[in-house]
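A.B. asks: Structure below; questions to follow.
The values are calculated or read from the model by the stated rules, or taken from the named source; none is laboratory data. Not measured: the values here are computed from a predicted model. Here the Cβ positions follow ideal geometry from the backbone for every residue, glycine too, while neighbour counts run over all protein chains shown. Just the protein is used for accessible areas: all its heavy atoms, side chains included, with ligands, DNA and RNA removed. Shrake-Rupley method; radii C 1.70, N 1.55, O 1.52, S 1.80 Å.
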Amino acid sequence: MTAIVPRERLPFGSPGLDEMLGGGLLRGTATLISGAPGVGKTTLGLQFLTAGVKMGQPGLLVSFEEFPSSLIRDARQLGWDLNALEKEGLFRIIFTSPEVFLGSLKTPDSPLSETLHTLSPQRVVIDSTAHFQRLTDDIPLEIREIYNTLVNALKREGMTALLLDETLNVLEIQTGRMASLPFLVDTVILLRYVEIDSAMQRAIAVMKMRGSAHQKEIRSFEIQKGGLKVGEPFTGREGLLSGITHRTA
Ligand SMILES: Nc1ncnc2c1ncn2[C@@H]1O[C@H](COP(=O)(O)OP(=O)(O)O)[C@@H](O)[C@H]1O
Ligand SMILES: [Mg+2]
């Protein structure tokens, strides 16, 4: 009789979120984090990487939009000293372009792949996948091919990946990159602003998780020192994912 060996989980270090994910993300999978600007995607990415460092797992942040200096400053507000982690050799920020990054994943001896090999990241965050769209003329087949290359390259390197992306409304007909990205990844996590009694709150939901059970509820969260603090499920509300809610009749 062969014992069933549970697959290794990589936690976010956020008790509520890890609970929703059955303990964390499965090693070697790719996860899409989707949400509007300012909702907390980069914060969640940094939380994932710093939680890994605490477990001795090196982490890489690939940023196409924010300069390392501003990321480091914002992270300090959240209680993370990225410079110190970098000095320990367990963390790196790469500020590059989608062209260069994609090219380096395909070329084994580029300067960037050198970094990949000295750091040997186990966790990687791509901030954000929206930037790959400008490599094509919005041809769905080409976009799909690019994301496919990206996801497969990260998996081939053995990394557990978070792909951050901006979407305003997942309930809209999915077009452009969103026609393929959610299907290429193993897990989809949504971050949403929701309006409740004329106040803005934040909500988080796990839409899908291949190879694992996950909780289907929509929970509230706040951003504070240490990252996302995930609270209780919203009860007695509907319309949460559309952003405008009302009480259930
Ligand atoms: N120390 C903090 N305490 C509370 N909120 C914070 C703190 N630092 C940043 N924020 C909030 O977190 C949000 C930043 O989210 P961010 O992760 O950059 O969003 P995204 O990447 O989705 O655009 C901002 O709305 C900011 O106001
Ligand atoms: Mg961001």
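A.B. asks: Going through the stretch 130-166 one residue at a time, which ones are more than 15 Å from the chain's Cα centre (by Cα) and not in a helix (DSSP H, G or I)? Talk me through it step by step, then tell me what you get.
C.D. replies: Taking the stretch 130-166 as the starting set, the residues that turn out to be more than 15 Å from the chain's Cα centre (by Cα) are 132-146, 148-149, 152-153, 156-158.
Hits for the stretch 130-166 are Thr136, Asp137, Asp138, Ile139, Glu157, Gly158.
A.B. asks: Could you please give the count of residues in the stretch 87-112 that are closer than 26 Å to Phe132 by Cβ and surrounded by fewer than 18 Cβ atoms within 10 Å (Cβ to Cβ)? Working first, answer last.
C.D. replies: Of the stretch 87-112, the ones closer than 26 Å to Phe132 by Cβ are 91-112.
Of the ones still in play, those that are also surrounded by fewer than 18 Cβ atoms within 10 Å (Cβ to Cβ) are 95-97, 99-100, 102-103, 106-112.
Total satisfying the criteria: 14.
A.B. asks: Need the failing condition index for Leu44 against (1) at pLDDT below 95; (2) within 16 Å of ligand 2 (Cβ to nearest atom); (3) in contact with a strand residue (DSSP E or B) (Cβ under 6 Å, 6 or more places away or on another chain), just the number.
C.D. replies: Result: Leu44 fails condition (1) only.
A.B. asks: Still on this structure: What helices (runs of 4 or more DSSP H), lying completely within the stretch 1-95, carry at least 2 residues that are within 15 Å of ligand 1 (Cβ to nearest atom) and in contact (Cβ under 8 Å) with a residue 12 or more places away in the chain?
C.D. replies: Values: elements: 15-20, 41-54, 68-77, 82-87.
Where helices (runs of 4 or more DSSP H) fall fully within the stretch 1-95 and carry at least 2 residues being within 15 Å of ligand 1 (Cβ to nearest atom) and in contact (Cβ under 8 Å) with a residue 12 or more places away in the chain, they are 41-54, 68-77.
A.B. asks: Another question, if that's okay. For the stretch 56-70, indicate whether the set of residues that are buried (at least 21 other Cβ atoms within 10 Å of the Cβ) and near ligand 2 (Cβ under 10 Å from one of its atoms) is non-empty.
C.D. replies: Yes, the stretch 56-70 contains a residue that is buried (at least 21 other Cβ atoms within 10 Å of the Cβ) and near ligand 2 (Cβ under 10 Å from one of its atoms).
A.B. asks: Among the listed residues Ala36, Ala84, Ala30, identify the single one that is buried (at least 21 other Cβ atoms within 10 Å of the Cβ) and either more than 16 Å from ligand 2 (Cβ to nearest atom) or modelled with pLDDT under 95 (or both). Please lay out each step first, then the result.
C.D. replies: Numbers: Ala36 fails: buried (at least 21 other Cβ atoms within 10 Å of the Cβ); Ala84 fails: buried (at least 21 other Cβ atoms within 10 Å of the Cβ).
Result of the check over Ala36, Ala84, Ala30: Ala30.
A.B. asks: Okay, next question. Cβ-Cβ under 8 Å, sequence separation 6+ or interchain: first residue in the stretch 210-236 and hydrophobic (A, V, I, L, M, F, W, C) and assigned to a strand (DSSP E or B), partner within 16 Å of ligand 2 (Cβ to nearest atom) and open to solvent by 60 Å² or more (accessible area, probe 1.4 Å). Which pairs?
C.D. replies: Taking only residues 6 or more apart or on different chains, the pairs are Phe221/Arg202; Ile223/Arg202.
A.B. asks: Residue under question is Thr235, and the condition is that it be surrounded by fewer than 15 Cβ atoms within 10 Å (Cβ to Cβ), β-branched (Val, Ile, Thr) and either farther than 26 Å from Asp74 by Cα or more than 18 Å from the chain's Cα centre (by Cα) (or both); does it hold? Outline the logic, then answer.
C.D. replies: Numbers: surrounded by fewer than 15 Cβ atoms within 10 Å (Cβ to Cβ): yes; β-branched (Val, Ile, Thr): yes; either farther than 26 Å from Asp74 by Cα or more than 18 Å from the chain's Cα centre (by Cα) (or both): yes.
For Thr235, the condition - surrounded by fewer than 15 Cβ atoms within 10 Å (Cβ to Cβ), β-branched (Val, Ile, Thr) and either farther than 26 Å from Asp74 by Cα or more than 18 Å from the chain's Cα centre (by Cα) (or both) - is met.
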